[in-house]
Amino acid sequence: MRLRPNSRFRLGCILAVALIVSVSLFAPVRGFAEDGRKVKSRVSPSYPEIARQANITGIVKIEAVVSPTGDVRSTRVIGGHPMLAAAAQEALKKWKYEPASDSSTLVVQFDFKSGS
């Protein structure tokens, strides 16, 4: 069976999306702990266009380590779809928290909905 170039591209896209969906990291989300540290400025994640086209939605949970100065020092995805997680991590790294006497570890969740 010979596929036309356009058909090969479509098949490749479908297989890529199927692979990504099959290895998704969705985790149940039931509340999350924060240490009470206030956010001074937050950046909303951009909804990845390929995820929007594939109608991929859901919640992404990310653990963040915040320095005493309020900068997000590191992040780690705890759960959520991989196509959404990168956008959430990128946005969270730009957040700024109120200064504190010590580093804090907290969990932030982002809700990606259709039409966002």
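For the stretch 47-116, which trypsin sites (Lys or Arg not before Pro) are both in a DSSP coil and crowded by at most 13 other Cβ atoms within 10 Å?
94, 113
In this label model, residue 38 and residue 101 are separated by 1.9 nm, measuring between points 7 Å along each Cα→Cβ vector. Using θ = phi - 60° in the Karplus curve 6.51 cos²θ - 1.76 cosθ + 1.60, the 3J(HN,Hα) couplings for the stretch 94-108 round to 9, 5, 10, 9, 5, x, 8, 6, 9, 5, 10, 10, 9, 10, 10 Hz; x is entered for Gly and Pro.
A short reminder: the numbers here are calculations on the coordinates, not readings from a lab. Since this is a predicted model, take the numbers as computed values, not measurements. When we count neighbours, we look across all protein chains shown, and the Cβ atoms used for this are built from the backbone with ideal geometry, even at glycine.
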